[in-house]
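K.L.:
Have a look at the structure that comes next, please.
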Amino acid sequence: MPDEASIPRNPYHRKALSEARKLIKRVRAKLHPIKVFLFGSVARGDVHELSNINLVIVADFKGTRRDRVEQILDIAQDLKLTFPVEPFPLRPEEFQTVRKRPFFRHIAREAVEV
């Protein structure tokens, strides 16, 4: 995750980065992920009022993909975040498969492992 010195003066970015940190901390405590990647405007530093927090979370999830997304969105809702969250929860074997796809190669170019 970007360090404080590299954070632009954009107030949206500061707020989104603060919320992303809170969310990642809670996700780590509750889900014990293997990997977490932050990507999108928060990782790039070009956050605006309509941005969201994009995370790839690799963990030993149970349930359907929808169940996993809801689990992460419930964590975000408990934190009362102002920025919407777009999670991509993947099991380790799914991550190994999808990381070769064009969409995830694009994510990898800008993603920050946190």
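K.L.:
Kindly indicate which of VAL56, VAL98, VAL69 is of a type in the set (A, V, I, L, M) and touching a helix residue (DSSP H, G or I) at 6+ places or on another chain (Cβ under 6 Å).
P.N.:
VAL98 is the lone residue from the list that is of a type in the set (A, V, I, L, M) and touching a helix residue (DSSP H, G or I) at 6+ places or on another chain (Cβ under 6 Å).
K.L.:
Looking at the stretch 94-114 only, could you name the residues that are farther than 20 Å from GLY40 by Cα and either of a type in the set (S, T, N, Q) or not in a helix (DSSP H, G or I) (or both)?
P.N.:
GLN96, THR97
K.L.:
Of all residues in the stretch 77-91, which are over 21 Å from ARG14 (Cα atoms) and either of a type in the set (Lys, Arg) or surrounded by fewer than 14 Cβ atoms within 10 Å (Cβ to Cβ) (or both)?
P.N.:
Once the filter is applied, which keeps residues that are over 21 Å from ARG14 (Cα atoms) and either of a type in the set (Lys, Arg) or surrounded by fewer than 14 Cβ atoms within 10 Å (Cβ to Cβ) (or both), the stretch 77-91 yields only ARG91.
K.L.:
Name the pairs whose Cβ atoms lie under 7 Å apart, with the first residue in the stretch 11-31 and closer than 15 Å to LYS80 by Cβ and buried (at least 18 other Cβ atoms within 10 Å of the Cβ), the second of a type outside the set (Val, Ile, Thr) and at pLDDT 95 or above, and 6 or more positions between them or separate chains?
P.N.:
Between residues of the stretch 11-31 that are closer than 15 Å to LYS80 by Cβ and buried (at least 18 other Cβ atoms within 10 Å of the Cβ) and residues that are of a type outside the set (Val, Ile, Thr) and at pLDDT 95 or above, the close pairs are ALA16/SER51; ALA16/PHE83; GLU19/LEU81; GLU19/PHE83; ALA20/LEU38; LEU23/ALA76; LEU23/LEU79; LEU23/LEU81.
K.L.:
Only residues in the stretch 56-76 that are surrounded by fewer than 18 Cβ atoms within 10 Å (Cβ to Cβ) count as the first member; pair them with residues that are of a type in the set (D, E, K, R) and part of a loop (DSSP other than H, G, I, E, B), Cβ under 8 angstrom, at least 6 apart or cross-chain, and list the lot.
P.N.:
Note: pairs meeting the criteria are ASP60/ARG91.
K.L.:
Looking only at the stretch 69-93, count how many residues are in a helix (DSSP H, G or I), within 15 Å of VAL36 (Cβ to Cβ) and of a type outside the set (Val, Ile, Thr).
P.N.:
Counting residues in the stretch 69-93 that are in a helix (DSSP H, G or I), within 15 Å of VAL36 (Cβ to Cβ) and of a type outside the set (Val, Ile, Thr) gives 3.
K.L.:
May I pose another question? Let me spell it out: the conditions are (1) assigned to a helix (DSSP H, G or I); (2) within 18 Å of GLU113 (Cβ to Cβ), and ASN54 meets all of them except one. Which number is the exception?
P.N.:
If we test ASN54 against (1) assigned to a helix (DSSP H, G or I); (2) within 18 Å of GLU113 (Cβ to Cβ), just (1) comes out false.
The values are calculated or read from the model by the stated rules, or taken from the named source; none is laboratory data. Being a predicted model, the structure only gives us computed values, none of them experimental. For neighbour counting, all protein chains shown are included, and Cβ atoms are generated from backbone atoms with ideal geometry for every residue, glycine included.
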